[in-house]
Amino acid sequence: MALVRTFKIVLLAGLGLLLAALAAGIAATARSAAALPAPFIPPPADPATEIVQQASEVVIERSRRGVPTLRLEAAGSTTTAGGALDLQQVSLILFAPDGSQTRVQAPRARSLPGGQHRPAARGGGGGQGGFSDTLQGIGSWHLEGGVTVAGPGELRLSVPSLDYSEQAGAASSADLVSFSRGPAIGSAVGMSYDVRAQRVSFHRDVTASMELAGFGEVKVQAGSGVYDPAARRFEMERYEAATSRGEVLQGSRLAAVFRQEGGIERLEGDRGFELNSTHSVPLAGPSTPLSRLLALGGRRTMRGQRLAIRFTPQGEPEVIDVFGQANLTSGEGAPSSIEAEQLTFNLLEGGLSQASASGGVAVKGAPEGPSGGFQMNSRSLEASFDPKGGSLLGVQGEGGIHLRDQGVESQGSRTVLDPNTDVITLTGDGGNPARATWMQRTIEVKEGGVIEVDRRRRTLTARGGVRVSYQPEPPRAGEDAAKRGSMPFFRGGETIHAVADSLSFADEGRRAHYEGQVRLWQGESRLEAGSVDLNEAAGTLEASKDVASTFRQPPPERAGAAPFNPSSDLVTVSANVMTYQRDADRLLYRGRVLVTQGTTRATSEELLVHLAAGGGSAERMEAAGQVEVRDAGRIGRGDAMVVDLRADTIRLAGKGREAVVQDELNQQVVRGAALTMDRSGDRILVESELGGRTWITLKPRQKGAPGVGSDPDN
């Protein structure tokens, strides 16, 4: 008992000491309260966040005037007293006015209501329920946790979070967005989706890529983009697109239009673009700067205001159109180029088959040697290609043609270039003749005629009513001016004209062949024949087939002569063949030769004309073979004749027989081995076989008696 009583006392004492200690501590705390911070007191709980209801298998349906606008399904929901609705495993279907559907899925979603609503029980108890489909003022939805959007037109979006305003009918996000549409995939920073208009806008830093047949992988970067599923159209602003084979396309705006069944239908760029390519397309056959330019081969740059590329259902490019100040340039240094209002390139199975240009077409080929290169201006241009080999088959320009190429210049003709033969063909255009200037020669053919220029051989041919005009080349340094030209009696520095059925020029125009009803003239000097060959370099001329030449002969040098009739200065010679040698200053006619000058007429089998230096006039003529001369009522016959044009005498000689001169008026006859008629007087020098020389004066003709030369029967 004593022990128990002792324990109680000790326990009470300890308790007392403990209470005393507590009291002392409280007092000490009270004394130092002014120097210590206030203790943390948790804020009271927000009544609005208090969970008032939880539900599963939630369904929300919205409509406007009987047309559905939204259907939401969620695996579970939590509603707070403040009206916030949190959903789990959300599937949101958005309806456009035309009934198109967009499905949005996310692990979590929260409703941020714009009005009051209350939960309405659906189904049995146990905490299961939903919301009435007649509630108004749902407000906005915030989806997060990895949102996917499947819209019309195969558009697929993936974004960390998304806000949807039911009242505005629009979804938006500032996050990084990934998207895909058929073979195209890409990303952007920020997006907005107008459900009612069915338009998706990508705010900035847009990237996209896809495989295109004929181009390989195409990668695009853009400042912003808009996708219109209804129009199947994806537009990008401030873009740059690069292909795996080397093309780089950049500009202000580019639109890709997709097919209903999938795949790309066309690309459209506007407000200016530039396409650069560094890849090389191998061309079969001859390759020139112009062919590489039009075949889109090698390094090139294409510019314009608008670009349109159409694709086949298999995804291969089919047509490329460039509009508005279109320009295509290729090569380095001095490049080839083509400018037009519109350029069109048609492709077949991935290969180029045709290229065309229209509206102010200007084609420039790279300079080739000393030439300025091929240059052509026209209203339109067509180029055809072998789509398998890529080789250029032909180029044709029409309307307002102005062509310049290797000494050739043409205006107003239809122009065709054959790269295989390197021949340029010019024909009349719209009723106008074809006309070209080549090596300082102007060539023209009638409508339906053709001019062909061989760029490789540097030759020109023309047919179909040909007309030519040119001036002989001026003397070169150290060259005698009197020895220029290949036309006797034609003067240097004055224009020569020619007509023929056809002609051909070679050796840079120094050699010419005229065929068919040929006529060349300069002032009063004229040459006509069926065929004429000129060689200015060698200084030769050959004419055949009914040759006729006319030239003016200076008056003879004789003292005290009576006034000379200018019409008597013209000399006409006809024959079967005529040849001219500039270096020998001689002109030879052969075959049925006929010479007429005033009242004088002479025939022979051959006539050799000796010319003054430079071929400007004749000094002496020598005829051979059955010579007959008629002059002022007198007839002379012999085997040879020499006419001294300066002394104005005619000498007839016979070979094994006598020469004869007969005056038909008074029947006076003079015979001799050689007879020289002095045309200035009525006398003849008679030479005998023994060497004797006698002057015989003929009886004067009766005044007014007709001369033989004026008798049409003779």
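The values are calculated or read from the model by the stated rules, or taken from the named source; none is laboratory data. Source: prediction; values computed, not measured. Every residue, glycine as well, gets a Cβ built from its backbone with ideal geometry; the counts of neighbours run over all protein chains shown. To get the accessible areas, we keep the full protein, side chains included, count just its heavy atoms, and leave off ligands, DNA and RNA. Shrake-Rupley method; radii C 1.70, N 1.55, O 1.52, S 1.80 Å.
Pick out the one residue from 356, 413, 337 that is modelled with pLDDT of 80 or more, farther than 25 Å from residue 311 by Cα and among the small types (Gly, Ala, Ser). Quick ask: steps written out before the conclusion?
Details: 356 fails: farther than 25 Å from residue 311 by Cα; 413 fails: modelled with pLDDT of 80 or more.
Matching residue, one of 356, 413, 337: 337.
Within region 160-181, can one find any residue that is open to solvent by less than 10 Å² (accessible area, probe 1.4 Å), modelled with pLDDT under 90 and within 29 Å of residue 66 (Cα to Cα)? Yes, region 160-181 contains a residue that is open to solvent by less than 10 Å² (accessible area, probe 1.4 Å), modelled with pLDDT under 90 and within 29 Å of residue 66 (Cα to Cα).
In region 505-523, how many are part of a strand (DSSP E or B) and either crowded, with 18+ Cβ neighbours inside 10 Å or hydrophobic (A, V, I, L, M, F, W, C) (or both)? Adding up the residues that qualify gives 11.
For the subset of region 227-238 comprising residues that are more than 17 Å from residue 190 (Cα to Cα) and either in contact with a Gly (Cβ under 8 Å, 6 or more places away or on another chain) or modelled with pLDDT of 90 or more (or both), which member is most open to solvent (accessible area, probe 1.4 Å)? Talk me through it step by step, then tell me what you get.
Step one: of region 227-238, the residues more than 17 Å from residue 190 (Cα to Cα) are 229-233.
Cutting the leftovers down to either in contact with a Gly (Cβ under 8 Å, 6 or more places away or on another chain) or modelled with pLDDT of 90 or more (or both) gives us 229-230, 232.
On the way: 229: 8, 230: 72, 232: 56 Å².
Across region 227-238, the extreme among qualifying residues is 230.
In region 437-449, the condition of being modelled with pLDDT of 85 or more, outside any strand (DSSP E or B), at negative phi and open to solvent by less than 30 Å² (accessible area, probe 1.4 Å) is met by at least one residue. Here is a check on your reading of the model: is residue 486 open to solvent by less than 50 Å² (accessible area, probe 1.4 Å) and at pLDDT 90 or above? Here the answer is no, as residue 486 does not meet what is asked. Consider region 634-653 and keep the residues that are in contact with a Leu (Cβ under 9 Å, 6 or more places away or on another chain), over 12 Å from residue 601 (Cβ atoms) and not hydrophobic (A, V, I, L, M, F, W, C). The one that is least open to solvent (accessible area, probe 1.4 Å) is 638.
Which residues, counting only those in region 77-103, are of a type in the set (Gly, Ala, Ser) and more than 60 Å from the chain's Cα centre (by Cα)? Walk me through it before giving the result.
First pass over region 77-103, keeping only residues of a type in the set (Gly, Ala, Ser): 77, 81-84, 91, 96, 99-100.
Answer for region 77-103, where residues must be of a type in the set (Gly, Ala, Ser) and more than 60 Å from the chain's Cα centre (by Cα): 77, 81, 82, 83, 84.
Screening region 325-343 for residues that are in a strand (DSSP E or B) and open to solvent by 20 Å² or more (accessible area, probe 1.4 Å) and picking the one that is nearest to residue 245 (Cα to Cα) gives 329.
Which of the residues that make up region 71-100 are on the phi > 0 side of the Ramachandran plot, modelled with pLDDT under 90 and out of contact with any His (no Cβ under 8 Å at 6 or more places or on another chain)? Result: 99, single match.
The rows are residues; the columns are (1) under 15 Å from residue 630 (Cα atoms); (2) modelled with pLDDT of 75 or more; (3) assigned to a strand (DSSP E or B).
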| residue | (1), (2), (3) |
| --- | --- |
| 646 | no, yes, no |
| 650 | yes, yes, yes |
| 677 | yes, yes, yes |
| 684 | yes, yes, yes |
| 689 | no, yes, no |
| 695 | no, yes, yes |
| 700 | no, no, no |
| 709 | yes, no, no |
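Tell me the residue from 282, 313, 289 that is at pLDDT below 65 and surrounded by fewer than 16 Cβ atoms within 10 Å (Cβ to Cβ), please.
On the way: 313 fails: at pLDDT below 65; 289 fails: surrounded by fewer than 16 Cβ atoms within 10 Å (Cβ to Cβ).
282 is the lone residue from the list that is at pLDDT below 65 and surrounded by fewer than 16 Cβ atoms within 10 Å (Cβ to Cβ).
Scanning region 618-632 for any residue that is basic (Lys, Arg), in contact with an Asp or Glu (Cβ under 6 Å, 6 or more places away or on another chain) and farther than 24 Å from residue 579 by Cβ turns up nothing.
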